[in-house]
Amino acid sequence: FQFPSHDLTSRLLTVANLIPLAIAASLRAIAWTLALPFALFTFEWNICAWPEGFPQNMLTTEQCNDYKNEHQITEKIERFSEKLCKRGVIFRVPHVGARYLTSHLVGVGKLLQHWGQSVLLCHAGTLHSMYSTEMFPWRLVSFAERGSIQKELGDGLESLIYLYCTVSQSEVFSQARRLATTLGSFPPEGMPIRNCHTGQRSTLNPAVAAELLLILAADVVEQEPFFDIELIASFLRLSAPHLLRPPPLVTAMERAGLFNMSNKELRDCQWTAAWLLRLSRLPAFLHPSDLRQRLEKAADQFPWWKLSDILIDVMIVVLQLQSQRNLSISSSSICVHLSHVF
């Protein structure tokens, strides 16, 4: 993926967009602090409200049959991405880390692809915040356009994106931490969730909750260095048993014993591992087996580092998380289409 080239006018518009983005973020922060529904500020109560039976009756991306094959999925997604590009707003939306939103969207899709997920789930990751989310108030399309977008993308894909954009991510964070610590899995009735716009409460069946958490994990990791390994471990621990293709990273986390560590132990290990990795200046492209050999050799050469087997495993996981967002993965998905457009 190549970053888009922007002329002076486009750059000035991007800077100008920071002002309304800051205002929208401030209003959401007020609503968040006072535990008020966002729809009180946006006047979109009716179109943000979850309809009857949603999201309890949602299907996973593996279960939906909106498309005959992957080629048809790609064609529809490419037509939709062209529509977004013609609007122009997609080129001028800023994101964290002094980047453009397009960079983040493409990065989330690539990360899910690297984790071995289906084409449909990767597309959902690439378009995950198109309506705006609790944490990111800027939208590419309006909730009022849901009807036409469902026809363009298909009900299954659009429903997962709509869920992601309306669910309270802060509550998902706390629920995931709690469930991973107390139960180690989803309860049979599903994961409790809340609509951040209207305050509606519901439960999400474990299979759909697993896909939601996986997209959220990719969303958080892609914004490195802000990711929290304890939060990512909670997401992956809960979602892996319900995914048709669990990310290979889950095996690395199980080997490192991350799922059995307390929150404090995880934070301490992450801090130590990140610090040692910076000191050792290990290249991010090393294969895990090669990385292990380098770290074991370092443990012999520098005994004062106290590199236990567990810490080496944690360092491998941390390095994988920190480097995966930079991987370039070729596919016929929207990621490649957007890279051509930009």
query: What is the residue count in the range 205-243 for residues that are modelled with pLDDT of 90 or more and either more than 15 Å from residue 174 (Cα to Cα) or not hydrophobic (A, V, I, L, M, F, W, C) (or both)?
result: 17
- line: The residue from 132, 103, 159, 170 that alone is at pLDDT below 90, touching a Pro at 6+ places or on another chain (Cβ under 9 Å) and surrounded by fewer than 24 Cβ atoms within 10 Å (Cβ to Cβ) is 103
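Pull up the range 125-154, narrow it to residues that are among the aliphatic types (A, V, I, L, M) and assigned to a loop (DSSP other than H, G, I, E, B), then point me to the one that is nearest to residue 95 (Cα to Cα). I'd like the intermediate steps shown before the answer.
Within the range 125-154, the subset among the aliphatic types (A, V, I, L, M) is 127, 130, 135, 140-141, 144, 149, 153.
When the remaining residues are screened for being assigned to a loop (DSSP other than H, G, I, E, B), the result is 127, 130, 135, 140-141.
Values: 127: 15, 130: 13, 135: 11, 140: 13, 141: 17 Å.
My answer is 135.
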message: For residue 189, only one of the following conditions fails: (1) out of contact with any Asp or Glu (no Cβ under 9 Å at 6 or more places or on another chain); (2) within 30 Å of residue 271 (Cβ to Cβ); (3) among the charged types (D, E, K, R). What is its number?
response: (2)
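The values are calculated or read from the model by the stated rules, or taken from the named source; none is laboratory data. Here the structure is a predicted model, which is why all the values come from computation and not from measurement. Virtual Cβ from ideal backbone geometry, glycine too; neighbours counted across all protein chains shown.
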